[in-house]
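The values are calculated or read from the model by the stated rules, or taken from the named source; none is laboratory data. Computed from a predicted structure; not experimentally measured. FYI the Cβ positions are ideal-geometry reconstructions off the backbone, even for glycines, and counts take in every protein chain you see.
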């Protein structure tokens, strides 16, 4: 089950909103549901009731959810870094400038662990609902 969670974390944090992923609740397999121009496979036919009864769309983090998570992370840092991170989140293109500031401060690894822990929690809770 842990390997599935790790795969779900990657899908949840995926930033290409043209791609959609589904979980086959019977086989626990993650499938890509995208136009054939993206992956060379036909999209899932959601009108095929029998064929899709075990498939559930996997949620992906929204921009606002990602922003809120960045604010929450910033608030866990020492006051100087908190001020700097919250400042970049108020600017144009906050998601990109946030990551730049993380690099400047040398705390990118701490952020990615924080983000990953959040995603694991979200996907664990989601799995409990769908399985």
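Filter the helices (runs of 4 or more DSSP H) completely within the range 12-131 down to those with at least 3 residues that are modelled with pLDDT of 95 or more and either surrounded by 14 or more Cβ atoms within 10 Å (Cβ to Cβ) or over 20 Å from the mean Cα position of the chain (by Cα) (or both).
Because the criterion is at least 3 residues that are modelled with pLDDT of 95 or more and either surrounded by 14 or more Cβ atoms within 10 Å (Cβ to Cβ) or over 20 Å from the mean Cα position of the chain (by Cα) (or both), the helices (runs of 4 or more DSSP H) in the range 12-131 that meet it are 63-74, 79-89, 94-105, 108-130.
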Point to revise | Pair list, Cβ < 8 Å and 6+ apart or interchain, from the range 4-25 residues that are over 18 Å from residue 115 (Cα atoms) to residues that are in a helix (DSSP H, G or I) | key: 18/38; 19/38; 21/11; 23/8; 23/130; 25/130
Exercise for review: Taking residue 109 as the residue in question, decide whether it is outside the structural domain of residue 7 (by TED's automatic domain parsing) and farther than 15 Å from residue 11 by Cβ.
Suggested key: yes
